[in-house]
1. Among A:GLU164, B:GLU36, which comes first, then next, by fewest other beta-carbon atoms within 10 Å?
2. As a test, work out the antiparallel percent of DSSP beta bridges whose residues both lie in chain B, rounded to the nearest 5.
3. Shape verdict for the stretch B:525-575, please, from the Cα gyration tensor: rounded (a/c under 1.5), prolate (a/b greater than b/c) or oblate.
4. Neighbour counts of other C-beta atoms within 10 Å: give me B:TRP48, A:TRP165 arranged from fewest to most.
5. Each label point is 7 Å from the Cα along the Cα-to-Cβ direction; what then is the distance between the points at B:GLU43 and B:ALA82, in nm?
6. For peptide A:98-105, what's the mean number of Cβ atoms from other chains within 10 Å of each residue's Cβ?
7. If you take the beta carbon distance between B:HIS355 and B:ASP549 as r and set R0 to 35 Å, what does 1/(1 + (r/R0)^6) give as a FRET efficiency, to the nearest 0.05?
8. Which of the helices in chain B meet the span-like rule: DSSP H, Cα axial reach of 24 Å or more, Kyte-Doolittle mean at least 0.5?
Amino acid sequence: MDTVNIMIVGVGGQGSLLASKLLGHVVMTKGYDVKVSEVHGMSQRGGSVVTYVRFGDKVYSPVIDKGEADYIISFEVLEAARYLPFLKKGGKVIVNAQEIDPMPVITGAAQYPENLLDKMTAAGADVSAMDALSLANEAGSPKAANIALMGRFSKYFGDITEEEWLNSLEACVPPKFLELNKKAFYLGRNS
Amino acid sequence: MKEIMLGNKAFARGLYEAGAAVVSSYPGTPSTEVTEEAAKYDEIYCEWAPNEKVAMEVAFGASLAGKRSFCGMKHVGLNVAADPLFTISYTGVNGGMIICVADDPGMHSSQNEQDSRHYAIASKVPMLEPSNSRESLEFAKLAYDLSEKYDTPVIIKMCTRVAHSQSIVETSERVVPEPKKYEKNIAKYVMMPGNAIKRHPIVEQRTLDLIKYAEETPINRIEEGKDNSVGIITSSTCYQYTKEAVGDKYPVLKLGMVNPLPVEKIKNFAKTVKQVIVIEELDPVIETHCKNIGVDVKGKELFSLLGEFSQSVVAKALGEAEKEACPAIEGLPVRPPVMCAGCPHRGLFYTLSKHKIRVLGDIGCYTLGAVAPLSATDMTLCMGASISSLHGFNKAMGDASEKDTVCVIGDSTFMHSGMTSLANIAYNQSNSTVIILDNSITGMTGHQQNPTTGYNIKGDPAGKIDLEALCRAMGFNRVAVVDPYDLAQTEKVIKEELAADEASVIISRRPCALLKYVKHKPSLHVDTDKCRSCRACMKIGCPAISFKDGKAHVDNTLCVGCGVCQQLCKFDALVDEGGNV
Ligand SMILES: Cc1ncc(C[n+]2csc(CCOP(=O)(O)OP(=O)(O)O)c2C)c(N)n1
C-alpha cells in the first residue's frame, strides 16, 4: 500500500496531540507501519501548529512535504488555508469552521481573510467544513472538538471499523474523559 | 511488546531496560520528555537539576559510585555543561554514563541552531545518533555497554524530528547489571595537572580503539542500491529523508555512530560508487572528515547549512522530480506564538512597555514580551544573561540607563544561571533593577518543577528556595513583591525601585495560568452599550480579546477572568457574569 499522509493542523492548545495519538494508535493496531511527528515547546503557545501522521507498509520520513498530503484535518479555517500547499491536487480538507484571530489581526495589523473555504476549493482542494465546536459543546465540553473532528474524519477509512476506533480512543484518553470523547466522536462520525 | 512511541519516550525505555539508576537533567525542548518519561519508572531515581552543568556532575557522581547514570539537555544546555564534559572525558567512568543532547535544526524552540557534533569531536567523547524511536531505545542500551567497555561517557544526539516523532518499537524487560565497586583511584579521578597529563594519552588511545569499533559496528551499515553512480553517506533523520526520497536506488552508508567516524569503511564504500554525496543537517562534519581522509565527496555544495531538511529537499538535490501541490493562498496573516490568556507576564510587560522602560530579557515564556503589541523587550541572548547584561549596560551608561532600564528573568532561569549574575551586582555594585518573574513553574518547556516551586519531578513535596531571603542574603536591601494582575501596584513599585539609589529586586509573583491548581474566575464579556471602541483593552495583546462588529469581543473559551483588561477600560465595558466591573 502507498503511504497515506495526513496533516493535523490548528492553533497551539487545541488538542492536536490527542488527535494524532488516536490516529497513530488505530493504524498501528491495523498492522501498518506508522510515524507521527509532533510539535512541542514554543509554538504550543497559541501559535500555528502542525502534526504529521503517515502510515503504510513501510514509512521512513516522519514529515510531510509540499504536495504530499492526502488529507488535511484542520481545527481552524485560516490554518487549513495556510497549509494548503502541502495538499496533493484533489486532496481532502476536513475543517472545523471555527475562526480564531491571530495576533496580527487582534492588533489591527492585518485582517482575517474572507471566503477561505471557497478559496481553498478554487485552489483544487476537496473541502468539507463542519462545526466541530458545537458538536463538542453538545457532547459536554468545547475541549472535545478535536475528537468530534476525528469522528468525521473516521468515515473516510472504510477498513477501520467503529469498534476499532473506539478501542483506540479508550487506549488514548484517560478514563475520566472517555464518555465525553466517545460522545463527541459519535457526533462527528454521524454528522 | 510492540508499541508506538515518541523517540524521547523510547530513549527513556532504553535507559530503563539497561538498568539506569540515576537521572539528573535540566529541561529544554526537544530533550525534556526523555527525563519526564524516565521519571515514570519507580526503579530509576530522577530529578530536575537547577542547570545542565549540575545535572551532568550529578550523573558523573552516580557513575563514580558505580551505577548507570544519565543526564539530558538541549543543544544549548551542552554549552553550560561543557566544563564537566571535557574533563569527564579524561577521568572516564565507573558505572556507564549517557549524556543526551537534543539539537533543534530549524529552531522550532531555540535561540540558535548549533550543531552538537562539534562537542563530541572537541571533547573526544563518542556520539551515537539514532534515526527513529527503535534506534533511540536500542542505542541507549548499546551506549551503556560502550561507556563501560571503553571507559568513557557516551553522548546520544537526538534532534527534533527523532525526539518528537512516534514510531514503532519493541520493548523488553529491565536487566540491572551488577553495580561496579567504588574504589578510590586518585590517578584516574583527581584531575590535577600531574594526573591529567597521564590521562590524555589514554583518551587518544581510546579514540583509536573507538575508530576500530566504528569500522566494525553494525550500527554503521551499508545498504545496497541499484545504481552505483551515486553513494550516499548519512545519519539520523537525514537517513529517513533519503530513503523516503530515493528508496533503494543508491547505496547508502548509514552511520549510527557519528564520533569518531570510521576511515576504512568510508574509503571502501567510496570505491564502490562513482560519486559520494554526504547528506547531513547543519554543519559539514561528516563531509569534512571524508575530505580529511582523502575521499572526494559532495555535501554542502548541494545542501544548505541552515535549517531542517525533508524528503523533497533530498529529492531535489538528487535531481528527482518535484510533486504537484495545491497553490498557496496569498496574503494570509501569520500566527506567531503568544502569551496565553491570563498569563501573569502580560501585566508586567504592559507596564514596562507603557513607560517605555528598556528591558534586557531572558529565556522563557516571557521572551514573548518582545512580540507586538507589547514589544517590550530589547535583548534576549541565553539563560541568565539578562541580569549580567543589565549590570554591564548600567556600568557603561551609568545615570543615563539606571533609571529607565530593568532586566526580567523567570524563576527557573534565575535558578539556572541568574543567581551568579545577581551576585555580581551585589558584589560590584551597579544600581540595577532586577525583576524576577515568578510564575512558580518552568513554563516554556511544559511545566517542570524547579527549586523555587517546593515540589520535585514526581510532584512530591521537596525543598523550596525562598527568593526574597536569598536576595536579602546576597545583600539587597530593597526586595519587593508585586502581583502583576494588579497594574497600579506593579506600576508604583517599578517606578519606586527605578528611582531608588541602590540596586533592587522586584519579584513579580503569580502562578502560571495553565497550572492545574490555579482556580480561574469565569470569563468576562463586553457590555456593547458601554464599549466606545477605543481599543485600549487590545494594547495588552490578549488572545481572548478581538474586535468584532466595531466593538471589543471576549472569547469565552479562552478568557480566564484575570481582569487586567478591565483595568484599562475607562468605560467599564468589560464585565463579569453579573455585569460587574
Ligand atoms: C541553557 C538552556 N537550557 C534550557 C533551555 C530551554 N529553556 C528555555 S526557557 C526555559 C525555562 C523557562 O522557565 P522560567 O524561567 O521559569 O520562565 P517561564 O517560561 O516559566 O516564564 C528553558 C528550560 C535553554 N533555552 N537554554
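1. The order, fewest Cβ neighbours first, is A:GLU164, B:GLU36.
2. 25
3. In terms of gyration-tensor shape, rounded.
4. Listed from fewest to most nearby Cβ atoms, that is A:TRP165, B:TRP48.
5. Here the answer is 3.7 nm between the modelled labels.
6. 6
7. Here the calculated transfer efficiency is 0.60.
8. Span-like helices, by this rule, are absent here.
Every read-out reported here was derived from the displayed coordinates using simple, explicitly stated rules and does not represent laboratory data. Note that the coordinates shown come from a computational prediction; the quantities given were computed from them, not determined experimentally. No Cβ is skipped: glycine too gets one built from the backbone with ideal geometry, and neighbour counts run over all protein chains shown.
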